Each structure stands twice: as C-alpha cells, then as structure tokens.
1. Within the stretch 3-50, count every residue that is under 17 Å from THR71 (Cα atoms) and among the charged types (D, E, K, R).
2. Considering (1) assigned to a helix (DSSP H, G or I); (2) loosely packed, with under 14 Cβ neighbours inside 10 Å; (3) under 12 Å from the mean Cα position of the chain (by Cα), say which one GLN80 fails and leave the rest.
3. If I go through the stretch 10-24 residue by residue, how many of them are of a type outside the set (Val, Ile, Thr) and at pLDDT below 95?
4. For the stretch 42-77: of the residues being under 11 Å from the mean Cα position of the chain (by Cα) and acidic (Asp, Glu), which is nearest to LEU32 (Cα to Cα)?
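The values are calculated or read from the model by the stated rules, or taken from the named source; none is laboratory data. Nothing here was measured: the structure is a model prediction, and the numbers come from that model. Cβ atoms come from the backbone with ideal geometry, glycine included; neighbour counts cover every protein chain shown.
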Amino acid sequence: MINLGEIVYLTKRRFGDEKKIEVISRIYQLGLTVVSVTDALVFQAAELKAQYALYYADCFALACAVNHSATLVTGDPEFQTVSHLIEIAWIR
C-alpha cells in the first residue's frame, strides 16, 4: 500500500510536472490498484486519527492497508505506533 497523493505531490515538488506525469503513468503501467475514497473510508480514517497520533492523510493509507490486508510501504516513523495493526515495509 502506497499513498498515491503523497507520491504525486512529492514528485511534483522535487522534479516538476513532467516527471510527475511520468511517475503517475508508470504506477498505472505496473498494474497497481488505486483505491477510491468512500464515505466508509473517510469515517474509518477519522476513527484512526482519533485513536492514534498520525496525520489524517496517513490514516487513509492505514485504513486501506487494514481493509485490504496489504503491506504499507513507508519511511514515516509515526507508523511505529500502529505496527501491530498491519505489516509495514520500512523505507530507510
């Protein structure tokens, strides 16, 4: 599980629009599934935000990982607090 929004804004910020479009295209070429935000996901992310010291956007990634029994790929140390809920692949 990766956060597409974070990839998009970080790529644009560091490398510009051209590279951003290239990265988005590559993500879809790899066949990665993009999960849409539903009301149920919003409520689940809000519950996680109330319970854990995570950014709200990170709670969406966490909720998706929980729902899909997916591994969350992250370098954010804040996810240590929820490592009992999901499998995490740490980027160092």
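1. Within the stretch 3-50, residues that are under 17 Å from THR71 (Cα atoms) and among the charged types (D, E, K, R) number 1.
2. Exception for GLN80: condition (3).
3. 1
4. Top of the filtered list is ASP58.
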